[in-house]
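A short write-up of the structure that comes next.
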There are 2 protein chains.
Amino acid sequence: MKLNVGIVGYGNLGRAVEKKIRAGHDFNLVAIFSKRDLPGVINYDDVENYKGKIDLLFLCGGSQNELEKQGLRLIKNFNIIDSYDNHARLKTYITKLDRLSKQNGKVALCSFGWDPGLFSFMRALFDGLGFKPYTFWGKGLSQGHTQAIKNIPGVKDAIQFTVPSIKDIEKIKNGEKVKEGKNLHHRECYVVTAKEDRDQVKKRIISMPDYFEGYKTTVHFVGQNKLDSLKTFAHKGQVISASNTINFSLNLKSNPDFTAGVITSFARAAANLIKNEKHGAYTIFDLPISSILKRDKFEYL
Amino acid sequence: MKLNVGIVGYGNLGRAVEKKIRAGHDFNLVAIFSKRDLPGVINYDDVENYKGKIDLLFLCGGSQNELEKQGLRLIKNFNIIDSYDNHARLKTYITKLDRLSKQNGKVALCSFGWDPGLFSFMRALFDGLGFKPYTFWGKGLSQGHTQAIKNIPGVKDAIQFTVPSIKDIEKIKNGEKVKEGKNLHHRECYVVTAKEDRDQVKKRIISMPDYFEGYKTTVHFVGQNKLDSLKTFAHKGQVISASNTINFSLNLKSNPDFTAGVITSFARAAANLIKNEKHGAYTIFDLPISSILKRDKFEYL
């Protein structure tokens, strides 16, 4: 069954998902929806008109303000998949989605990106095997944190680099103890804003719950040219265990392209869930890897 | 449901599995079976007397000569889990086990080790995400290849080191092409045997199908003291992709301890499969990771 799909949100991730769908053979792209007025793109407010014409919606909006609201609205009429990444709110969101998807006879695939997503899986695997997992991100540009800064009134443009504590990574790999928590990373922000807004913008950033509060956060105010010169889609991350016994790492040239690859790959699992009416919300923990394979599983064994 | 379990085979892996079971709370160890006459261990020929008293048997015999025969016999009366690792025969074995386990109302969990097992999963995941996986083992002592040499008549003792081509690993990580196949590793064998047996033993080693044939293989004949000084349980391995985009690696102080950790962790999935009469053969591709978790999955997300 080739699913008819739509994309909601047409930023970096939405465009990367579109590219993956068009390059592959798993999905038939019916429509792209956005709140912005863009050529060839349907207004988000009209999405319900596509009920019955779209089997699965890829939700590619921002996790901070959009995704939750959109997911809880769209699940009433559509199967959905997202890469929702607000760790602090995940359980609440997914629990609600699970209830709504069962009530409405729908399937929701949640948080299929690299973290949450692949890294969540690795943390669960490591711990299941008896190895405490430690997660490090970066150095790299975080799309979610960047968007969170851009959402602050007065901010014209911004980027946020997540920087891991190399010293602590080395300690863990050497089998030494480290203090755990938000101290294992710091957050470097570059922000374009009017001079008179700097103080309040900085305050808003460093006190933002879930995103910056409690982290060592540096805020640099720069001009647009300087900011543009720093922009990158590259990112990195790793899940490691004491003494480096077990280690999973990513080195990404393009964070949105890789996330789009994860979301479109796991979306292949949706076809069978929909067909067999296995309604409910699923995360990466709930799907056997056989559900996304392109070839006979024995070729990998 | 706490499963009543038994162990079949009491070598390095069997002993490591016993240690894990006794240290954990998931299983009640009923009996250990071996072909050898050992104190406190039941003779393998009497295993069927335990029908109905054991929910799950951990098969810890050698993959070359024992496991297949034992699996196909025991599945008629027991649920089983193994870490069978003869890549060349896996599909045939598991296909037979699947048929027999369904006929006999049993569950078989196959090839739960690190390779096959965790590495198989990673190859499937990488490829599912669109990244061709490359697997490298070592440098480390391979239990299976060591046992295969020891099984040759005239061999008093032996060990086999699997050695990866560091040059090819670097090439792949740099995004360069490599020639694929058995050339990516070589096999270093240390063998204790009588002088007059050396020629035939060497011939038997280098021509052994599945294990050595086609590999660059070096055979060193040494005395027992030298051999003992080289013995180690350490092993390593990695599944990598071009340009190092996605990378999974293991650095093991004790190969049998780690394999025992994998097999006993995934054995936790057996309880529900047995209870819900989901008969058949399962590999690591077929189980969602949620089936082996000790804690709420949201703690890992």
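Rule-based calculations on the coordinates, nothing more; no lab input. No experiment lies behind these values; they were computed from the predicted model shown. All Cβ positions, glycine included, derive from the backbone under ideal geometry; neighbour counts span all protein chains shown.
The table for this structure:
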{"read-out": "With at most 12 neighbouring Cβ atoms within 10 Å, loop GluC sites (Glu not before Pro) (DSSP) excluded, longest segment of chain A", "value": "A:1-175"}
{"read-out": "Antiparallel DSSP beta bridges within segment A:157-301, as percent of all bridges there, nearest 5", "value": "70 percent"}
{"read-out": "Over segment B:106-176, volume per residue of the alpha carbon convex hull, in Å³", "value": "121 Å³"}
{"read-out": "Among beta bridges that DSSP assigns inside segment B:1-122, antiparallel share in %, nearest 5", "value": "5 percent"}
{"read-out": "Calculated SAXS-style log₁₀ I(q)/I(0) at q = 0.22, 0.29, 0.32 Å⁻¹ - segment A:226-276, Debye, Cα scatterers", "value": "-0.86, -1.02, -1.09"}
{"read-out": "Helical contribution to [θ] at 222 nm, DSSP H n ≥ 4, -39,500 (n - 2.57), averaged over chain B, rounded to 500", "value": "-10000 deg cm²/dmol"}
{"read-out": "Pairwise centroid distance, computed over Cα atoms, of segment A:201-232 with segment A:100-141, Å", "value": "26 Å"}
{"read-out": "Peptide ranges A:263-270, A:286-293, A:198-205 listed from the most packed, as the mean C-beta count within 10 angstrom indicates", "value": "A:263-270, A:286-293, A:198-205"}
{"read-out": "GNM flexibility winner over chain A from A:Leu59, A:Leu109, A:Leu90 (Cα, springs under 10 Å)", "value": "A:Leu90"}
{"read-out": "Debye-sum result for segment B:181-298 in log10 I(q)/I(0), which assumes one identical scatterer on each alpha carbon, at q = 0.13, 0.16 Å⁻¹", "value": "-0.85, -1.03"}
{"read-out": "Relative contact order of chain A, defined on C-alpha pairs under 8 angstrom at six or more residues apart (%)", "value": "20 percent"}
{"read-out": "Copies compared at A:Lys53 - label distances in nm, ascending, label defined 7 Å from Cα in the Cβ direction", "value": "6.8"}
{"read-out": "Backbone HN-Hα couplings from phi across segment B:89-98 [Karplus 6.51/-1.76/1.60, Hz, Gly and Pro as x]", "value": "10, 4, 4, 4, 4, 5, 4, 5, 4, 4"}
{"read-out": "Copy-to-copy label separations for A:Pro209, where each label sits 7 Å from Cα toward Cβ, in nm and ascending", "value": "6.6"}
{"read-out": "Antiparallel content of DSSP bridges confined to segment B:89-224, in %, to 5", "value": "65 percent"}
{"read-out": "Cβ-vector label at 7 Å, A:Thr92, separations to other copies in nm", "value": "5.8"}
{"read-out": "Student exercise, the protein assembly as shown dipole from Lys, Arg, Asp, Glu Cβ charges, in Debye to nearest 20", "value": "220 debye"}
{"read-out": "Other-chain or far-sequence residues with amide H under 5 Å of A:Thr217's (modelled H)", "value": "A:Arg187"}
{"read-out": "Whole-Hz ³J(HN,Hα) from phi, Karplus 6.51 cos²θ - 1.76 cosθ + 1.60, for segment A:40-51, glycine and proline x", "value": "x, 10, 7, 5, 3, 5, 9, 4, 5, 5, 8, 3"}
{"read-out": "Hydrodynamic radius of segment B:1-94 per Kirkwood, over alpha carbon pairs, in Å", "value": "13.5 Å"}
{"read-out": "Cα-based Rg / Dmax (Å) for chain A", "value": "19.9, 63"}
{"read-out": "Inter-chain shielding of B:119-132 (mean C-beta neighbours from other protein chains, 10 Å cut-off)", "value": "6"}
{"read-out": "Ascending count of other beta-carbon atoms within 10 Å, so fewest first, for A:Leu57, A:Leu3, A:Leu29, A:Leu97", "value": "A:Leu29, A:Leu3, A:Leu97, A:Leu57"}
{"read-out": "Peptide B:86-93, shielding by other chains (average Cβ, 10 Å cutoff)", "value": "1"}
{"read-out": "Area projected by the alpha carbon convex hull of segment B:132-245, averaged over all directions, nm²", "value": "7.2 nm²"}
{"read-out": "Cα coordinate range in the protein assembly as shown, projected on the principal axes (Å, largest first)", "value": "89, 48, 42"}
